[in-house]
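Visitor: The structure's right below; bear with me while I get my questions together.
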Amino acid sequence: MTTRLAPGDRAPDFTLTDDRGEQVSLSDLRGQKVIVYVYPAALTPGCTKQACDFSDNLETLTGHGYAVVGISPDSPEKLAKFREKENLTITLLSDPDKDVLREWGAFGEKKLYGKVVEGVIRSTFVVDEDGVIEHAWYNVRATGHVAKLMRDLGLSAA
């Protein structure tokens, strides 16, 4: 059974490579709120919709003090293609060994078309300025999730 994070838990720190080959650490983002979202695979319909929704709302989110990072097991090269093809503005991070995904409870058993499989669990977390989990949502839907997240956080589009 995968251990899941809950509000009040310290967010496990990570250092991952982004789509430009740069190292990004969660600890480098201390002092601001961070939305960490986990998705299964770049360049797939649901993940593209979700990434585009985050990019489309990035100005509003950053205006309210939120940074946004997306994590998937994709290589930095695939993430670069994803960014370029979809004109994404969010930070995309690569976790090919799935170590961070496991630590965050976002990789493990899930149901897919009625079967139990092991894989990436689409999840979203809000980390406060001190590195503590404020919100943790697992098994989120790709479509409409960003709008729901913004409603839950009391944010409105600029």
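All of the numbers you see were taken from the coordinates with simple rules; none came from a lab. None of the values given here were measured: they were computed from a predicted structure. Every residue, glycine as well, gets a Cβ built from its backbone with ideal geometry; the counts of neighbours run over all protein chains shown.
Visitor: Quick check for me: using +1 on Lys/Arg Cβ and -1 on Asp/Glu Cβ, what's the dipole size of segment 15-152 about its Cα centre, in debye to the nearest 20?
Guide: 660
Visitor: Under a 5 Å amide H to amide H cut-off, with H placed in plane at 1.01 Å, what residues pair with residue 67 once short-range neighbours are removed?
Guide: 33, 34, 35
Visitor: In nm, give the distance between the simple-model label positions of residue 52 and residue 75, each being 7 Å from the Cα along the Cα-to-Cβ direction.
Guide: Each label point is offset 7 Å from its Cα along the Cβ direction, giving 2.6 nm.
Visitor: Also: When the chain is fully extended, how far beyond the present Cα-Cα distance does residue 109 get from residue 15, taking 0.36 nm per residue of separation?
Guide: Gain on extension, residue 109 to residue 15, equals 31.4 nm.
Visitor: Using r as the Cβ-Cβ distance of residue 97 and residue 43, and R0 as 30 Å, what FRET efficiency do you calculate, to the nearest 0.05? Could you put the intermediate results ahead of the total?
Guide: Numbers: r = 20 Å, r/R0 = 0.68.
Efficiency, rounded to the nearest 0.05: 0.90.
Visitor: Residue-wise, which Karplus ³J(HN,Hα) couplings in Hz belong to segment 33-44, taking 6.51 cos²θ - 1.76 cosθ + 1.60, θ = phi - 60°, and x for glycine or proline?
Guide: Couplings: 7, 10, 9, 10, 10, 10, 9, x, 7, 5, 6, 10 Hz.
Visitor: Rounded, prolate or oblate for segment 64-140? Axes are the square roots of the Cα gyration tensor eigenvalues, ordered a ≥ b ≥ c, and the cut-off for rounded is a/c under 1.5.
Guide: oblate
Visitor: List every residue whose amide H lies under 5 Å from the amide H of residue 42, counting only residues 5 or more places away in sequence or on a different chain, with H placed 1.01 Å from N in the peptide plane.
Guide: Amide H neighbours of residue 42: 74.
Visitor: Identify, among 150, 67, 12, the residue whose Cα sits farthest towards the positive end of the charge dipole of the chain, taking +1 on the Cβ of Lys and Arg and -1 on the Cβ of Asp and Glu, with the dipole about the Cα centre.
Guide: Checked the options; the winner is 150.
Visitor: While we're on this one: Report the FRET efficiency, 1/(1 + (r/R0)^6), for residue 59 and residue 23, where r is their Cβ-Cβ distance and R0 is 35 Å, rounded to 0.05.
Guide: So the FRET efficiency works out to roughly 0.85.
Visitor: I need the phi-derived Karplus couplings for segment 78-85: 6.51 cos²θ - 1.76 cosθ + 1.60, θ = phi - 60°, integer Hz, Gly and Pro marked x.
Guide: 5, 5, 5, 5, 4, 4, 5, 4
Visitor: Hey, can you grab everything whose amide H is under 5 Å from the amide H of residue 14? Only 5+ residues off in sequence or another chain; H modelled, so Pro and N-termini drop out.
Guide: 26, 27
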